[in-house]
Amino acid sequence: MSFIIKCLDCGHNAPYYPTSTTCPKCNSQWREAEYDYEIIGKTLRSKLAKRRSGLWRYRELLPVRNPNVSLSLGEGGTPLIRAVNLGMMLGCPNIYIKDERQGPTSSFKDRQASVTIAALKEAGITEMVAASTGNVAISYSAYASRAGMKLWAFVTSLVPAVKMREIALYGSQVIKITGSYDQCKQVASEFARQRNLYQDMGARTITSIEAMKTIAFEISEQMTAIQDPDAEVDAPWRTPDWYVQAISGGMGPIGVYKGFREMKQMGWTDRIPAFAPIQAEGCAPMVNSWKKGLEKAEPVTSPMTRIETLATGDPGRAYEFLREYVNSTNGVFESVPDEDAFRAMHVLAKMEGISAEPAAGVAFAGLFKLIRAGIIKPSDTVVVNCTGHTMPADPSILGDNWSRDVKFPSVDATPQEGLLSALSQVAPERFPKIAIVEDTTEARRLIRRILQSQGNFTILEAVNGREGLELIQRELPDLVILDLMMPEMDGFTVIEALRANPETATIPVIVATAKELTQDEKSRLGGQIQALMQKGDFLNDEFLEEVKALIK
């Protein structure tokens, strides 16, 4: 396998040795691997059909000369999942989730650890140092233990104890630093220097960037299989319009960009997606610097975020590279508050059945913000990196009242009385009633799920206007959510019939429609409804606040 290491500052080419971390000519730490793209571009894709899923199916484009298959834990090959419910809710139907939770230790850092440990093992290195906010140390610990290597894991005191225990479980030495993540990295670097040990340097580590680019390879290969399963072997692979990922030091998107760039260079794809790196608002040096038009990042000296995995206050030169990639792809940097990230975790779990880590919540909150702002268009295809699993859900994320206590009567009660008593506590008879009148099954299901995620409602459904009017007149719900364009009787007629009946005249109505209303239609609704919501805006706070206000 032939590859060289090119210095990004002076252009000098050199062989790859894991222990050589700087350019031998100019001493720069910023270098990357280059391959024989012309030959690999022509030959590799025809071989992929015979290879198993996983990171090492692209081994010709990785800096390990003889991959040791015994070190693998099944990294890579994570699924690309279409977010059907989120897409409907946001009015952007082509949203895909790259589910990196399904790596061996439940995060995308498994790719980094796998390739780096394989290269170190090949070079005969038996001991290493890594600074981490949790996921990196867990991944490195798992692979280091499998390779018989010693890991010194430096972590901040903000890292959850459950993660520290998992790191220790693999046999790594945990060193807890009471300070910021940037200070943690400084201590780890000095420890590695004094003991002459190999140190992981994040975005400056060649193997880390090379590992992350396999995410891009998989996205394009998987999108092609999903959207064009009958494509010829040598046909161009599909590329999304947007790639969205939460960032701390920026290593992930830097590597993913390199993957898309290499595919375009080899003729596998015809473009590179727009990049949208998202940061937590309380520690967003890259976002703030980009919005100010700065070429170099202004460090955040005191991170103010509860999402400790994203608390890198000084990204260094990683920002300069990412800034170039974002600008060249017409992308955007964005930040979101912690509360939006936690809320996005709830939405993702309740809408798509995916329990993600807070950092991934930042990515999805950023997605919501960019769609609302019109930066990501309804017709765009978007891939969001779900970087890891939440392990376990922190109480501060769940908030109050996340569980309900049920007490059975004494053992003297009959089984029927005990069961009825228990059920009456779980589902009291008098919850606010909401009627959903909508002819589209998917839209009814979506509205129901959104409401259920917000509280305990008795939800009634009707599939057309005539059935809906009968349901409302019979059940007298506290609120009606009504579509306008329906068979048998449209929403306009339903509203007029409700207002003409004294029993239903005061029931509040929210109209949810995909139709662009004319001025006459808006006038027809004037004074008859409480709110008009476009489908695709259901995640908007206005919708949920409207519902809560009307049913109080």
List every DSSP H helix in the chain whose Cα atoms extend 24 Å or more along the helix's own long axis and whose mean Kyte-Doolittle hydropathy is at least 0.0.
206-227
Per DSSP H run of at least 4 residues, take -39500 (n - 2.57); add these up for the chain, divide by its residues and hand me the 222 nm value, nearest 500 deg cm²/dmol.
-12500 deg cm²/dmol
Using a basic spin-label model with each label point 7 Å from the Cα along Cα→Cβ, how many nm lie between Asp270 and His12?
4.2 nm
State, in angstrom, two size descriptors of the chain derived from its alpha carbons: Rg to one decimal place and Dmax to the nearest whole number.
27.0, 87
Summed side-chain charge close to Arg111 - residues other than Arg111 whose Cβ falls under 11 Å, Lys, Arg +1, Asp, Glu -1:
-3
Student exercise, the stretch 1-96 dipole from Lys, Arg, Asp, Glu Cβ charges, in Debye to nearest 20
440 debye
Using a 7 Å offset from the Cα along the Cα-to-Cβ direction at both Val84 and Lys377, what is the distance between the two label points in nm, to one decimal?
2.7 nm
So, over other residues within a Cβ distance under 13 Å of Ser2, counting Lys, Arg +1 and Asp, Glu -1, the net charge is -2
Once you list every other residue whose beta carbon is under 9 Å from the beta carbon of Met128, what net charge do they have if Lys and Arg are +1 and Asp and Glu are -1?
-1
Sort Val463, Val155 so that the residue with the fewest other Cβ atoms within 10 Å of its own Cβ comes first and the one with the most comes last.
Val463, Val155
Just the isolated ones, please: cysteines in the chain lacking another cysteine beta carbon under 4.7 angstrom.
Cys92, Cys184, Cys283, Cys386
How many angstrom lie between the Cα centre of the stretch 373-387 and the Cα centre of the stretch 475-496?
32 Å
What number, in nm² with one decimal, is the all-direction average of the projected area of the convex hull of the alpha-carbon atoms of the stretch 109-204?
5.4 nm²
Using Cα pairs closer than 8 Å and at least 6 residues apart in sequence, work out the relative contact order for the chain, in percent.
12 percent
If you project the alpha carbons of the stretch 1-59 onto their three principal axes, what span does each projection cover, largest first, in Å?
42, 22, 15
Work out which GluC sites (Glu not before Pro) in the chain are exposed loop sites (DSSP not H, G, I, E or B, at most 12 other Cβ within 10 Å) and give the longest gap free of them.
1-231
Based on the inverse mean of 1/r over its pairs of different Cα atoms, what is the Kirkwood hydrodynamic radius of the stretch 255-323, in Å?
13.4 Å
Of all DSSP beta bridges located in the chain, what percent are antiparallel, nearest 5?
20 percent
Express the relative contact order of the stretch 109-204 as a whole percentage, based on alpha carbon pairs under 8 Å and six or more residues apart in sequence.
31 percent
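Values quoted throughout were computed directly from the atomic coordinates according to the rules given, and no laboratory measurement underlies them. None of these values were measured; they are calculated from a predicted model. For neighbour counting, all protein chains shown are included, and Cβ atoms are generated from backbone atoms with ideal geometry for every residue, glycine included.
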